[in-house]
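Written below as C-alpha cells is the structure these notes are about.
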Amino acid sequence: MEVNFQIYHYWRSECAMRGEKMKAWVAKMTEEQLDQEAIRKAGEILKSGGLAAFPTETVYGLGGNAFDAEASQKIYAAKGRPSDNPLIVHIARMEDLEVVARNIPDNARTLAKACWPGPLTMILEKTEAVPKETTGGLNTVAVRFPSNRIAQALILAAGGFVAAPSANTSGRPSPTTAEHVIEDLGDSIDCILDGGMVEIGLESTIVDFTEGTPMILRPGSLNRERLEEILGTVRTDPGLLAQETHTRPKAPGMRYKHYAPNADLTIVEGAEQAVVEKIRALAAKQLACGAKVGIICTDETRQEYPQGDVKSIGARSDEASIARHLYGILREFDGDHVDIIYSEAFDTPKMGQAIMNRLLKAAGHKRIEV
Ligand code: TXA
Ligand code: MG
C-alpha cells in the first residue's frame, strides 16, 4: 500500500485536534529478517517530521529527524521530557560523524573505530547542521552508531540522522521490549518497529570529549576498564559518584530522578547471607503491617524468600541477564502495585557499575549496609 505521508500527518493532526487518540502501528521483525517495507514506511514518517520507535542493542529509542527542530520538539512533548535535556543523534555510517561533529579529537576517532557500531555515545562539538532544539540548547552533540540492524536500517531509510532518547515517558524505566513502548507512547507516536527484547537492557555508555581527558558521563556495558584499554586515562564525572545533589552530573539527563518505580525502593548491600536475612526481616515487618512487599533477588537466592512478591532478576553467574531484566522488573512491580520493594545489590564484575548506577537512582539512593 502506498502511503501519502503528508495526508497521513494531516489526518493525525486532525485527530489530535478533535482529541481522538490514534494508535501507533506496530511491525514485528528480527535483525535476521528485516521487514523492509515497514522500515521504508517508518523512514518516510521520520523524513516527513513524524516519530517512530525502534529497537537498539541497549534500549528502545524514540526517533525523529535530528535536523528537524519541530521533530525534536515533538519528541520532548511525547515523552513529557524537559526540553533542556539534549537528545542523542544516531548515525549508521562512520563518515556521517563529520556531518554532525567538528574538531573531533584523535582519541575520539580511535574509540569510535574500536567500539562502533555499539553501545557507545560520544559528546563532541556540534556542527551548524544540528539544531539547538536537538541538543537542548548546547553547542555540543551526543552521537551514537548503534549495532542493532533494525536501528541501522531505519536510520538509513530516514536519511542518516535520527535523534532518539529512550522511548519511555519521562521518569519511567527505559523500554526493553516493544510492549513497554506501547504502554508509554502507543497513543502519541506514529509507529513502532518491534524487534523483540533488546540485547543489553541498559543505555549506552556516554563519554565526553569536550574537556580534555575523556570523561564518563553515564556508565554502561562498555565499562571503564575497557575504555582505559583503548584510551589510557579516563575520568568518571564526579557528579555521578556524589550522593544526591552535592555535585551536579554533567549530562542533564543524569540529574533528574529517573527510572523510578512507583513503590519505595531500598537496596540492601553486604555479604549474601546477611543480605538475605535482612531483606527477609524487613519484608516480614512490612507484611505484618499490611503492606504489599516486592523483593528483587537472583536465581541463586530465589528459594530463600518465603513470602512477598519475589522476582528473580537473573543469575549472578550471568551478569548480562541481570542488566537485561532490570528495567522490565521495575515496570512489573509498577503493574503489581506493591508499596515497598527491597532489592539485593548487584556489584557484578563487568556491568556492576552501570547496573548499580541505575538501581541507586531508582531507589533515590536509599541503601542499607549489613
Ligand atoms: O542507549 C542509549 O543511549 C539510548 C538508545 C535509544 O540509543 N538512548 C538514550 O537516550 O538513552 P536518552 O535521551 O534517554 O539519554 C541521553 C543522555 C541524557 O542523559 C542526556 O542528558 C545526555 O545523554 N546528553 C545528550 N546530549 C548531551 C550533551 N551534548 N552533553 C551532555 N550530555 C548529553
Ligand atoms: Mg532516557
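The values are calculated or read from the model by the stated rules, or taken from the named source; none is laboratory data. Since the structure is predicted, the reported quantities are computational estimates derived from the model, not experimental observations. Note that we place each Cβ from the backbone using ideal geometry, even for glycine, and neighbour counts take in every protein chain shown. Protein only, heavy atoms only, side chains kept; ligands, DNA and RNA dropped before computing areas. Shrake-Rupley method; radii C 1.70, N 1.55, O 1.52, S 1.80 Å.
Give, rounded to the nearest 20 debye, the magnitude of the charge dipole that the stretch 149-283 has about its Cα centre when Lys and Arg contribute +1 at Cβ and Asp and Glu contribute -1 at Cβ.
That gives the stretch 149-283 a dipole magnitude of about 360 debye.
Within the P(r) computed for the stretch 264-369, what percentage of the Cα pairs occupies the region above 25 Å?
10 percent
When the chain is fully extended, how far beyond the present Cα-Cα distance does Gln36 get from Lys132, taking 0.36 nm per residue of separation?
Result for the pair: 31.4 nm of gain on full extension.
Whose amide H sits under 5 Å from the amide H of Ile192, counting only residues 5 or more places off or on another chain, with H placed in the peptide plane?
It is Trp25, Val26, Ala27, Ala53, by chain and number.
Compute the separation of the alpha-carbon centres of the stretch 274-299 and the stretch 148-172 and state it in Å as a whole number.
39 Å
List the residues, sorted by chain then number, that are 5 or more residues from Arg218 or on another chain and whose placed amide H is less than 5 Å from its amide H.
Amide H neighbours of Arg218, under 5 Å, 5+ apart: Ile206.
For Asp339, put the label point 7 Å out on the Cα→Cβ axis and report which residues of the stretch 268-307 keep their amide N under 20 Å from it.
Only 268, 279-296, 306-307 fall inside the zone, counting backbone N under 20 Å.
Which angle from 0 to 90°, rounded to the nearest 10, does the C-alpha axis of helix 352-362 make with the longest principal axis of the chain?
Helix 352-362 sits at roughly 90 degrees to that axis.
Assign one of three labels to the stretch 27-165, namely rounded, prolate or oblate, based on the Cα gyration tensor with a ≥ b ≥ c the square roots of its eigenvalues; rounded applies when a/c is under 1.5, prolate when it is not and a/b is larger than b/c, and oblate otherwise.
Verdict is oblate for the stretch 27-165.
By how many nm would the segment from Asn139 to Ala69 grow when fully extended, if each residue of separation counts as 0.36 nm and the alpha-carbon distance is taken off?
Length gained, Asn139 through Ala69: 23.7 nm.
With label points built 7 Å along Cα→Cβ from the Cα atoms of Ala315 and Ala274, find their separation and express it in nm.
Taking the simple label geometry, Ala315 and Ala274 are separated by 2.8 nm.
First check a/c for the chain, with a ≥ b ≥ c the square roots of the eigenvalues of its C-alpha gyration tensor; if it is under 1.5, answer rounded, and if not, answer prolate when a/b is larger than b/c or oblate otherwise.
oblate
Loop-only check: which GluC sites (Glu not before Pro) in the stretch 170-222 are DSSP coil with at most 12 other Cβ within 10 angstrom?
When the GluC sites (Glu not before Pro) of the stretch 170-222 are filtered for loop state and at most 12 Cβ neighbours within 10 Å, Glu211 remain.
Residue farthest toward the positive end of the dipole of the chain, with Cβ of Lys/Arg at +1 and Asp/Glu at -1: which of Gly239, Gly159, Ala52?
Farthest towards the positive pole: Gly239.
Quick one: which residues, 5+ away or cross-chain, put their amide H under 5 Å from the amide H of Ser312? H built at 1.01 Å from N.
Amide H neighbours of Ser312, under 5 Å, 5+ apart: Cys297.
Tilt of helix 272-288 relative to the longest C-alpha principal axis of the chain, in degrees (0 to 90, nearest 10)?
90 degrees
Local charge sum around Ile104 (other residues, Cβ-Cβ under 9 Å, Lys/Arg +1, Asp/Glu -1)?
Neighbourhood net charge equals -1.
Just from its helices, what would the mean residue ellipticity at 222 nm be for the chain, if runs of 4 or more DSSP H residues each count -39500 (n - 2.57) and the sum is divided by every residue, rounded to the nearest 500 deg cm²/dmol?
Helix-only estimate at 222 nm: -10000 deg cm²/dmol.
Mind running the shape call on the stretch 141-263? Use the C-alpha gyration tensor, a ≥ b ≥ c as the square roots of the eigenvalues: rounded below 1.5 for a/c, prolate if a/b tops b/c, oblate otherwise.
oblate
Pairs of Cα atoms under 8 Å, at least six residues apart: use those to get the relative contact order of the chain, whole percent.
RCO, the chain: 18 percent.
Thr140: net charge of surrounding residues, Cβ under 12 Å, Lys/Arg +1, Asp/Glu -1, itself excluded?
Result for the neighbourhood of Thr140: +1.
Once you put a point 7 Å from the Cα of Gln303 and another 7 Å from the Cα of Asp84, both along the Cβ direction, what distance in nm separates them?
5.4 nm
If you average the sequence gap of Cα pairs under 8 Å that are 6 or more apart and divide by the length of the stretch 240-370, what percent do you get for the contact order?
39 percent
Please compute the per residue accessible area over the chain with all protein chains in place, 1.4 Å probe, rounded to a whole number of Å².
With the other protein chains kept in place, the chain gives 42 Å² per residue.
Where both residues lie in the chain, what percent of DSSP beta bridges are antiparallel, nearest 5?
35 percent
Using the Karplus curve 6.51 cos²θ - 1.76 cosθ + 1.60 with θ = phi - 60°, what ³J(HN,Hα) values do you get for each residue of the stretch 24-41, in whole Hz, with x for Gly and Pro?
So the J values, rounded to whole Hz, are 5, 7, 10, 10, 8, 6, 10, 5, 6, 10, 6, 8, 4, 5, 5, 5, 4, 5.
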